[in-house]
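A short worksheet on the structure shown next.
The values are calculated or read from the model by the stated rules, or taken from the named source; none is laboratory data. Not measured: the values here are computed from a predicted model. Backbone-built Cβ (ideal geometry, glycine too); neighbour counts: all protein chains shown. Please note that ligands, DNA and RNA were not included when accessible areas were found on the heavy atoms of the full protein model with its side chains. Shrake-Rupley method; radii C 1.70, N 1.55, O 1.52, S 1.80 Å.
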Amino acid sequence: MEIYLPIAGMPVNVFLIIGLGAAVGVLSGLFGVGGGFLLTPLLIFSGIPPAVAAASDTNQIVAASASGALAHKRLGNVDMKMGITFLIGGVLGGTFGAQLVRVLRGFGNYDFTMKIIYVIMLALVGGYMLIESINALKGTKKKAAAPAEEKPSGFRAFVAKLPFQTEFKQSGIRTSVLFVVGLGFMVGCLAAMLGVGGGFITMPAMVYLLGMPTIVAIGTDLFQIVFTTINVTIQQAIANHTVDIVLAILLFCGSTLGAQVGARLSKYFKGEQLRIILAIIVLIVMAKLVMSLVMTPDSLIHLKAAGGGH
Amino acid sequence: MKLFKKGAALICALLLVFGFAGSALAAGVDFSMTPGTVDVGMDFAGTQVKVTGTAPEGSNVIIKATAPGHPQGLARDGKVSGLWMTVETATVKGAPGMYQVWTSGSINDIPAAAQKEMGVDPEFSAIMNTAEVTTKDGEKTVTLTGDRAEVYLKGLIDIYKEKGLYTINEGTVQVNNGSFEAVLDIPASVPRGELSISVYAVDQDGTVLADITKPLMVQDVGLVATLGHMAHENPVAYGITAVVIALATGLTAANLFKIIFAKIFKDEGVSAGH
């Protein structure tokens, strides 16, 4: 069954899009991670123009994270001071990112830039997960964890020297406002460039670099994701006309069902084995993106800014 | 009463004169299309338009569908440090946004002069001569010529061919005793606005006996029109609408799951984890 996407300006198979959303939703439910970093590349592989894929994915993350954020807020897991400080950077970064997308599309190099960032990001995330889970399976978890502990302490010393140190009572930490705003800016910018929530950066940064309790980090991350992606959706609509509501809703229908299935399945599997599978999937997607960058394209000429217009 | 009779006679005379003039213009070729417009709605995946008409007996019939060309931004890839990226951009003006031809016979049987007269161009080479390719050199706009322009034009033709916008369909018009019939495949990527549908009747010597051109309107309808228009004309409202719909859908789905899971699994369901 085909449905016409009004902003992408093309018909798509409804079941393919819901299926992609569901597949990424299952992974997201299984591993407790957001699926944005997989969903955007998979949409691109399916022929959706990259700018429309990223902006519409951001739109569906608004839907996917709203209820979780609300639930964590009710449970008192959101550090509001941290969340709002982070959002100052997040909103600025998202607004800057959407403008950056516009400029890069003007030069015809948005697709290239986003693919490069994706390759670096997926290589880091996939590589780290693979090594960590292989080590865990071998029983050498302690050795692997050792350097991770050293690194943050050095980094924390650097952050401690930054100006505007302030107390974040709920997280029980003291850190520089500049660092939190800077982190928010980077995450906001990535949300606009790649169509991701940025949990894969925010979570380790909050837990390892800032030393926040994991549950408060999860709640605060979800809180910031909702508002960062709301801002990015509006900014993309204004700067690039690339938000396809129909695509976003289809993706959400798939991802929300998939996430429920995934979360229930996760009880029956071992964490390390699952993480190896996710790592391999992430690395395969990365390899496919690398191929598209190094292989000679079928045609050297392409439309400068596909999608988002008639 | 006398005045009424005189008036009626005058109207009849005028109708006769214009009636003859009209048929003289059409000169033996006419056609109609079903449907009369192409509506792009949520279920649009390309469509078919049936063309039926009359042409002088024994003639070959050629149907041509063209769309006006809007300036098209193109990018050329080059290898930089082993990676393929855009190294130059250009704008092509004057290339039709659609160029499809359906014929009753082989296009090669039509003499070059007749092909030129009809603007029927199997290799799309006329586009190469009429379209203009420009690029930016700093602040200046430079017109590209020769090979540098040809790369872009050939690239654009390939893109349009792949989208089904540039096609040559030989032997697809059925001619029978002075009438003809064809089914035009209109691709999903058809440009919005007015298409020109021309029908030509060509005799066996390659002389164009008659031709007629009619417009075919391609328009967005329903949700495609509403959302597409809003996204471009009022992007702030569109962005806010997208956010409100996402929040409403997200929260409704979460509550639905809670109700369903409370009944099936006797729990409150699980967070999406985003």
Next item on the list: Return the only residue of B:Thr134, B:Thr167, B:Thr141 being exposed (fewer than 13 other Cβ atoms within 10 Å of the Cβ) and in a strand (DSSP E or B).
Entry: B:Thr141
Next item on the list: With respect to B:Gly222, determine if the residue is closer than 30 Å to A:Ala64 by Cα, surrounded by 14 or more Cβ atoms within 10 Å (Cβ to Cβ), among the small types (Gly, Ala, Ser) and at the interface with chain A (Cβ under 9 Å from one of its Cβ atoms).
Entry: no
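Evaluate the range A:48-71: report whether one residue or more is among the hydroxyl-bearing types (Ser, Thr, Tyr) and surrounded by fewer than 20 Cβ atoms within 10 Å (Cβ to Cβ). Outline the logic, then answer.
Just the residues of the range A:48-71 that are among the hydroxyl-bearing types (Ser, Thr, Tyr), to begin with: A:56, A:58, A:65, A:67.
Then drop every residue that is not surrounded by fewer than 20 Cβ atoms within 10 Å (Cβ to Cβ), which leaves none.
No: zero hits.
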Next item on the list: Go over the candidates A:Gly34, A:Gly19 one by one and state the one that is open to solvent by 10 Å² or more (accessible area, probe 1.4 Å) and either more than 9 Å from every other protein chain (Cβ to nearest Cβ) or under 24 Å from B:Pro191 (Cα atoms) (or both).
Entry: A:Gly19
Next item on the list: Would you be able to say whether some residue in the range A:286-308 is touching a residue at least 40 places away in the same chain (Cβ under 8 Å), buried (at least 24 other Cβ atoms within 10 Å of the Cβ) and part of a helix (DSSP H, G or I)?
Entry: no
Check: Scanning the range A:88-126 for residues that are under 16 Å from A:Thr58 (Cα atoms) and open to solvent by less than 40 Å² (accessible area, probe 1.4 Å), which turns out farthest from the other protein chains (Cβ to nearest Cβ)?
Finding: A:Gly93
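From the list B:Ala201, B:Ala149, B:Ala182, which residue is open to solvent by less than 50 Å² (accessible area, probe 1.4 Å), small (Gly, Ala, Ser) and more than 13 Å from B:Lys64 (Cα to Cα)? Can you show your working first?
Working: B:Ala201 fails: more than 13 Å from B:Lys64 (Cα to Cα); B:Ala182 fails: more than 13 Å from B:Lys64 (Cα to Cα).
That would be B:Ala149, the only listed residue that is open to solvent by less than 50 Å² (accessible area, probe 1.4 Å), small (Gly, Ala, Ser) and more than 13 Å from B:Lys64 (Cα to Cα).
If you check A:Val14 against the conditions, is it surrounded by fewer than 24 Cβ atoms within 10 Å (Cβ to Cβ), touching a strand residue (DSSP E or B) at 6+ places or on another chain (Cβ under 7 Å), in contact (Cβ under 8 Å) with a residue 12 or more places away in the chain and more than 9 Å from chain B (Cβ to nearest Cβ)?
Values: surrounded by fewer than 24 Cβ atoms within 10 Å (Cβ to Cβ): yes; touching a strand residue (DSSP E or B) at 6+ places or on another chain (Cβ under 7 Å): yes; in contact (Cβ under 8 Å) with a residue 12 or more places away in the chain: yes; more than 9 Å from chain B (Cβ to nearest Cβ): yes.
Answer is yes for this residue.
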Checklist line | Counted residues, the range B:235-260 - those being surrounded by 14 or more Cβ atoms within 10 Å (Cβ to Cβ) and under 40 Å from the mean Cα position of the chain (by Cα) | finding: 13
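Being surrounded by 13 or more Cβ atoms within 10 Å (Cβ to Cβ) and facing chain A (nearest Cβ under 8 Å): is that true of B:Leu216 here?
Values: surrounded by 13 or more Cβ atoms within 10 Å (Cβ to Cβ): yes; facing chain A (nearest Cβ under 8 Å): no.
Considered against the rule, which asks whether it is surrounded by 13 or more Cβ atoms within 10 Å (Cβ to Cβ) and facing chain A (nearest Cβ under 8 Å), B:Leu216 comes out as no.
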Margin query: Looking only at helices (runs of 4 or more DSSP H) that lie completely in the range A:154-256, which have at least 1 residues being of a type outside the set (A, V, I, L, M, F, W, C), within 14 Å of chain B (Cβ to nearest Cβ) and open to solvent by 30 Å² or more (accessible area, probe 1.4 Å)?
Written below: A:214-239
Margin query: Here are the criteria: (1) facing another protein chain (nearest Cβ under 9 Å); (2) touching a helix residue (DSSP H, G or I) at 6+ places or on another chain (Cβ under 6 Å); (3) not polar (S, T, N, Q). Tell me which single one A:Leu289 does not satisfy.
Written below: (1)
Check: Within the range B:57-114, how many residues are within 20 Å of B:Thr130 (Cα to Cα), within 8 Å of chain A (Cβ to nearest Cβ), in contact (Cβ under 8 Å) with a residue 24 or more places away in the chain and open to solvent by 10 Å² or more (accessible area, probe 1.4 Å)?
Finding: 2
Check: Is it the case that B:Glu194 is at pLDDT 90 or above, open to solvent by 60 Å² or more (accessible area, probe 1.4 Å) and not hydrophobic (A, V, I, L, M, F, W, C)?
Finding: yes
Check: For the range A:194-235, how many residues are of a type in the set (A, V, I, L, M, F, W, C) and over 26 Å from A:Ile7 (Cβ atoms)?
Finding: 15
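Before we move on, is B:Asp158 part of a helix (DSSP H, G or I), at pLDDT 90 or above and under 24 Å from A:Ile48 (Cβ atoms)? Break it down into steps so the answer makes sense when it comes.
Details: part of a helix (DSSP H, G or I): yes; at pLDDT 90 or above: yes; under 24 Å from A:Ile48 (Cβ atoms): yes.
Yes.
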